[in-house]
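> Supplied in structure tokens, the structure appears directly below.
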Amino acid sequence: MSDSAASAAFFRFEGTLSPRSTLAAAAYLASNAQGFGERIARLGNVALAAPLAFAGELSTGSAATKVTWMGVRGMSEDRLHVLSEEYFDKYLKDDVVEVGQDLLKKAKKQGRRIILISDNVDLIVAPVAEMLGADDLICNRLEFRKGKATGRLEEPVIGGNVAGQWARSFAAENNIDLSASWAYGAQAADSLLMSAIGQPCAVNPDRQLRRLAKDHSWPVVEK
């Protein structure tokens, strides 16, 4: 790593900046399909991911992340854009986690490159990243064919268990010094990302991450 390598701040979007889960966003899109019967069928598809979410697997594996978006299969790209804008206005724009936003503003003032990592799709997360002034957004993207969602995600699929590996690759490609960078997470799966970066910090952590933070002497910020 050269002397001119940059310092970055990696924020896991879910938990540190948004209290809403990826599953909630997928359910909103599916529940706003055109017909009642269609909505029920789509929500049934999204519900397949719910047991994995409650078991903590949604944030740790890409397979579960893929299942989450089966409910939007066949919906038009235009319709999904409209619904995503509505979701941002209703649930994200005015509901950013205060302590996470404060940490992000502090990192920006310190000149760090702001990187958001999310299991969600770009239609949902990109407006928030723009609003917060993030430099980079790493998230999932829905696959479309002939203007319709296939229900699949484009590769590579972002999940908690690949975040650490991705951070190392991203740092090497962008001349970022991970030892001088920060990582902010809220859930146990985020520990894989946090362990790959020099200065980890737990933000309103769940029980498992709180225990890991204590074991590794990571700072904990709550509000």
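The values are calculated or read from the model by the stated rules, or taken from the named source; none is laboratory data. All values derive from a computational prediction rather than experimental measurement. Heads up, the Cβs are rebuilt from the backbone with ideal geometry, glycines too, and the neighbour counts pull from every protein chain shown. Side chains included, ligands, DNA and RNA excluded: accessible areas come from the protein's heavy atoms. Shrake-Rupley method; radii C 1.70, N 1.55, O 1.52, S 1.80 Å.
> Working carefully through the options Val128, Val96, find the one that is out of contact with any helix residue (DSSP H, G or I) (no Cβ under 6 Å at 6 or more places or on another chain) and open to solvent by less than 70 Å² (accessible area, probe 1.4 Å).
Exactly one of Val128, Val96 is out of contact with any helix residue (DSSP H, G or I) (no Cβ under 6 Å at 6 or more places or on another chain) and open to solvent by less than 70 Å² (accessible area, probe 1.4 Å), namely Val96.
> Next question, about the same structure. For segment 42-50, check the following and say yes or no: at least one residue is open to solvent by 60 Å² or more (accessible area, probe 1.4 Å) and either over 30 Å from Gln208 (Cα atoms) or modelled with pLDDT of 90 or more (or both).
Checked segment 42-50: no residue is open to solvent by 60 Å² or more (accessible area, probe 1.4 Å) and either over 30 Å from Gln208 (Cα atoms) or modelled with pLDDT of 90 or more (or both).
> Does segment 204-218 hold any residues that are exposed (fewer than 12 other Cβ atoms within 10 Å of the Cβ) and either assigned to a loop (DSSP other than H, G, I, E, B) or among the aromatic types (Phe, Trp, Tyr) (or both), and which are they?
Across segment 204-218, the qualifying residue is only Ser217.
> Which count do you get for residues in segment 100-124 that are in a helix (DSSP H, G or I) and either surrounded by fewer than 16 Cβ atoms within 10 Å (Cβ to Cβ) or within 13 Å of the chain's Cα centre (by Cα) (or both)?
Number of matching residues: 8.
> I want to confirm something. Restricting to segment 69-93 and keeping residues that are within 18 Å of Asp122 (Cβ to Cβ) and not in a helix (DSSP H, G or I), which single residue is most open to solvent (accessible area, probe 1.4 Å)?
Of everything passing the filter in segment 69-93, Arg73 is most open to solvent (accessible area, probe 1.4 Å).
> Just to verify a result, which residue in segment 154-187, among those that are open to solvent by 50 Å² or more (accessible area, probe 1.4 Å) and among the small types (Gly, Ala, Ser), is modelled with the lowest pLDDT?
Across segment 154-187, the extreme among qualifying residues is Ser169.
> Just need a number here: residues in segment 143-178 that are touching a residue at least 60 places away in the same chain (Cβ under 8 Å), polar (S, T, N, Q) and outside any strand (DSSP E or B).
3
> Okay, next question. Could you list, in sequence order, all residues of segment 191-203 that are surrounded by 19 or more Cβ atoms within 10 Å (Cβ to Cβ) and of a type outside the set (A, V, I, L, M)?
Ser191, Pro200, Cys201 - these are the residues of segment 191-203 that are surrounded by 19 or more Cβ atoms within 10 Å (Cβ to Cβ) and of a type outside the set (A, V, I, L, M).
> Sticking with this structure for a sec: Looking at Thr65, Thr150, which one is modelled with pLDDT under 95 and more than 17 Å from Arg20 (Cα to Cα)?
None of the other options fit; the residue is Thr150.
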